[in-house]
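For reference, the structure is listed below as structure tokens.
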Amino acid sequence: MIPTLLPTYSRAPMSFVKGEGAWLVEADGRRFLDLGAGIAVNALGHAHPALVAALTAQAGALWHTSNLYQIPKQQELADKLTTHSFADTVFFTNSGTEACELAVKMARKYWYDKGQPEKTDILTFSGSFHGRSSAGIAAAGSEKMTKGFGPLLPGFVHLEFGDHEALTAAITETTGAILIEPVQGEGGIRPVPDQCLKGLRDLCDEHGLLLIFDEVQCGVGRTGKLFAHEWAGIAPDIMMVAKGIGGGFPIGAVLATEEAASGMTLGTHGSTYGGNPLGCAVGCAVLDHVADPAFLDGVNRKAGLLRQKLEGLVASHPDIFESVRGSGLMLGVKCKASNADIVQAGYDQQVLTVPAADNVIRLLPPLTIDESEIAEAVERLDAAARQLSAA
Ligand SMILES: *Cc1c(COP(=O)(O)O)cnc(C)c1O
């Protein structure tokens, strides 16, 4: 008999009833150090007082009115996001994959309105992840996500990650945009080197293409800049954001330049919930913290410490681990043993990590994790590795 919960997930047996900063607590009081942060979502950790205050204040006043009316918190969050980014305008969604839907629609409409409706193709890369909607799976194109779900949305050209020649050769008169994660998340924490992001910007400028960044996982302070592409000193035309911006409340956004968004005129897009007062109140509170340069300095300092400790961990368990990669507090450890077994051994040691493709375990702790918790986390991973070696 089918479970009452549609069985698309294989869930670990833990069941958490409470969160405190970087910790998750089970009903019996067992405490787990959370290096997954709800898959890069709980940017300020669990039950951050400022987020609890923002959400409860809004919840006591007004939950939802729809986009038929002004939503002051939505305006406030759009103003904050544009102040702190390349963007001139923002549309709010409820998730990352809905942001992908809009990014694709925006690119198509841009070219349609320019009188070049043939420029519908978007170049994407192997190992990418853009969510589970029809556009998201078609954009990523992996068999794992698309098999059985055809016919897929047309208009995506899939290229090998890192193959520069294939990329240049793939640009034709039907190409309209390039879509890429500055740091691949699900694909195994694979950063696009800064000079390659610059190269992509140059290529787009040269051919008049739109550059779309998916910063759903790598954005909002995760890499130690507010947005990951800032490290490369360039900017996209369109950017997808979600995960961290809500700190655990479901909200996403598409940020764009005035030019790139020019096709999205009155009535061309909408969402009942998107930009709802609860999500935007929390989003404002998240951004107030994360956009603070002192906060980002702290992320970079802690990232350096975690990375250094992970290098030590890898060196002392060459049978289990291979190497460390990533950016900021978006780190991946490439494994020799099975990543699933390491994640499981971590559960036994009460430390949570997240598996990714390419036999990697992902470490995406709350950006608020402190130095002693980082030390404790790596000790627990060390215990997990010893447990596996002994097995
Ligand atoms: C998680 C993720 C998405 C999808 O976000 P959802 O909120 O799950 O729809 C899209 N792109 C990237 C890079 C992601 O990590």
Self-check item: Residue pairs, from the table K73/K302; K80/K243; K198/K243; K198/K302, whose Cα atoms sit over 20 Å apart
Solution: K73/K302; K198/K243; K198/K302
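So how much slack lies between T65 and S10, counting 0.36 nm per residue of separation and subtracting their Cα-Cα distance, in nm?
Stretched fully, the T65-S10 segment lengthens by 16.2 nm.
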Quiz item: What is the packing order of peptides 34-41, 269-276, 160-167, taking the mean over residues of other C-beta atoms within 10 Å and listing the highest first?
Solution: 34-41, 269-276, 160-167
Quiz item: Nearest 10 degrees, 0 to 90: what angle lies between the long axis of helix 371-390 and the longest principal axis of the chain (Cα atoms)?
Solution: 70
Exercise. Take the alpha-carbon centre of segment 37-104, take the same for segment 157-176, and report the distance between them in whole Å.
Key: 34
Practice problem: Normalise the Cα radius of gyration of the chain by 2.2 N^0.38 Å (N = residues in it) and let me know the number. | Solution: 0.98
Quiz item: For the chain, what's the relative contact order in percent, using C-alpha pairs closer than 8 Å and at least 6 residues apart?
Solution: 23
Quiz prompt | Distance between segment 286-348 and segment 201-272 - C-alpha centres, whole angstrom | solution = 25
Practice problem: Give the long-range amide H neighbours of F161: residues separated by 5 or more places, or on another chain, with amide H under 5 Å away, using H modelled in the peptide plane at 1.01 Å from N. | Solution: S126
Quiz prompt | Listed peptides 58-71, 358-371, 304-317 by packing density, highest first (mean Cβ within 10 Å) | solution = 358-371, 304-317, 58-71
Self-check item: HN-Hα J in Hz across segment 176-187 - Karplus 6.51, -1.76, 1.60, θ = phi - 60°, x for Gly and Pro
Solution: x, 7, 10, 10, 8, 8, x, 10, 5, x, 4, x
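Computed from the coordinates by the stated procedures, all read-outs in this text should not be read as laboratory data. Quick caveat: nothing in here was measured; it's all calculated off a predicted structure. Cβ coordinates were reconstructed from backbone atoms using ideal geometry, including for glycine residues, and neighbour counts include every protein chain displayed.
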